[in-house]
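Asker: After the structure tokens below, expect a handful of questions from me.
All of the numbers you see were taken from the coordinates with simple rules; none came from a lab. Small disclaimer: the values here were computed from a predicted structure and weren't measured. Reconstructed Cβ throughout: ideal geometry from the backbone, glycine too, with neighbour counts over all protein chains shown.
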Amino acid sequence: MALPESIVVCMGSSCFSRGNSSNQIKIREFLEEHELSSKIVFRGCRCGGKCSEGPNIWVDGKQMTGMTPEKLASFLDSLLEEKS
């Protein structure tokens, strides 16, 4: 599987308070640290309308729900596997 083209973090109040406030920082730092910032478009969005399933991110348009710190770490680690 190739690196994703985009990662979108929901910044609506529900997802933000449930963890995306720190998730967006971790993702940005990860992309910069591993020189992926120029390869993956990273941005935030207003409420994605899936509040009960959050915190949510979308990877190439596919929703990833319940983005706990553990789930986020696993996802970010998978990007390194795809990079090599």
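Asker: Roughly how many nanometres apart are two label points built 7 Å out from the Cα toward the Cβ at Glu81 and Lys62?
Answerer: Going by the 7 Å Cα→Cβ label model, 1.3 nm.
Asker: How about the chain: what cysteines have no other cysteine beta carbon under 4.7 Å from their own?
Answerer: Within the chain, the cysteines lacking a partner Cβ under 4.7 Å are Cys45, Cys47, Cys51.
Asker: For all pairs of alpha-carbon atoms in the chain, what percent lies in each bin of width 10 Å, listed from the first bin to the last filled one?
Answerer: The distribution over the chain is 19, 56, 23, 2, given as percents.
Asker: If I model a spin label as a point 7 Å beyond the Cα along the Cα-Cβ vector, how far apart are those points for Glu33 and Glu53 in nm?
Answerer: Taking the two extended label points, one gets 2.9 nm.
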